[in-house]
1. Would it be correct to say that Phe127 is open to solvent by less than 60 Å² (accessible area, probe 1.4 Å), of a type outside the set (Gly, Ala, Ser) and farther than 23 Å from Lys182 by Cβ?
2. Select from region 75-94 the residues that are open to solvent by 70 Å² or more (accessible area, probe 1.4 Å), in contact with a strand residue (DSSP E or B) (Cβ under 8 Å, 6 or more places away or on another chain) and free of Cβ contacts under 8 Å to residues at least 24 places away in the same chain and list them in ascending order.
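The values are calculated or read from the model by the stated rules, or taken from the named source; none is laboratory data. Keep in mind that what you see is a predicted model, and the values were worked out from it rather than measured. Note: ideal-geometry Cβ built from the backbone for every residue, glycine included; neighbour counts use all protein chains shown. The protein model used for the area step is the full one, side chains on, heavy atoms only, and it has no ligands, DNA or RNA in it. Shrake-Rupley method; radii C 1.70, N 1.55, O 1.52, S 1.80 Å.
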Amino acid sequence: MTPPHSVHRVPVRAQSLTSVQQQRPVQQQQQQQQQMQQPQRNRSAFNPPPPAMNRQHSSMPPLPAPIDPLYQIFSTVDKDGSGKLSGSELRSALVNFDKTKFDPETIRLMIKLFDSDGSGTINYAEFKRLWNYLGEWLERFQQFDLDHNTTISLDEFSLALKSFGFQFSPRFVRFMFNYYDKRGTGSISFDLFVQANITVQRIHDAFKKYDRGQGTIQISLEDLLTEVLYLK
């Protein structure tokens, strides 16, 4: 958007005195200067309107504020104009590198994490936080996508888990990888990479509540069900 043109006031340069004016008596020159200055004092006393250029500039309508590109995305997928995104509307806004939509479970996790008012939907403020959160995960995803094919292989998945501090056996890592390879491609897309790591982190946090520093826990059935249902 082209910024509005600023009004430049060109300074008036005083004309040089001619040789005839230089020969006039000093008193006559002073009287002439007083006559020239008198109208200026009178004009300033009456506070006249600004010059025509300023009046024309001030009458111009204000330029519209720039539109937030993220809000454009939000309003485009907000089909019913409610100011909030349902799960299906949010899913239409989030796609992987191959243009596939996010997995429904990933969408459910995003709403659970960012639906701060418990409405089951995402308003614009929540959507902005969600978008920035996914941006942080995108940086991690690209960090572990060593061959830059926009998906995560088993080896890359194992490396990511280790870097996040999880020491799982190769057998369990393969089990997890196969579970989140929901499209059966032998790789994990961005949305499923996010889903896997968020789920592992949440279960890990629940585990730490009962761990006494030995890496194993004793938990009652009620506590176990409480944690499982909370994670849902």
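1. Working: open to solvent by less than 60 Å² (accessible area, probe 1.4 Å): yes; of a type outside the set (Gly, Ala, Ser): yes; farther than 23 Å from Lys182 by Cβ: yes.
So Phe127 passes the test.
2. Matches in region 75-94: Arg91 only.
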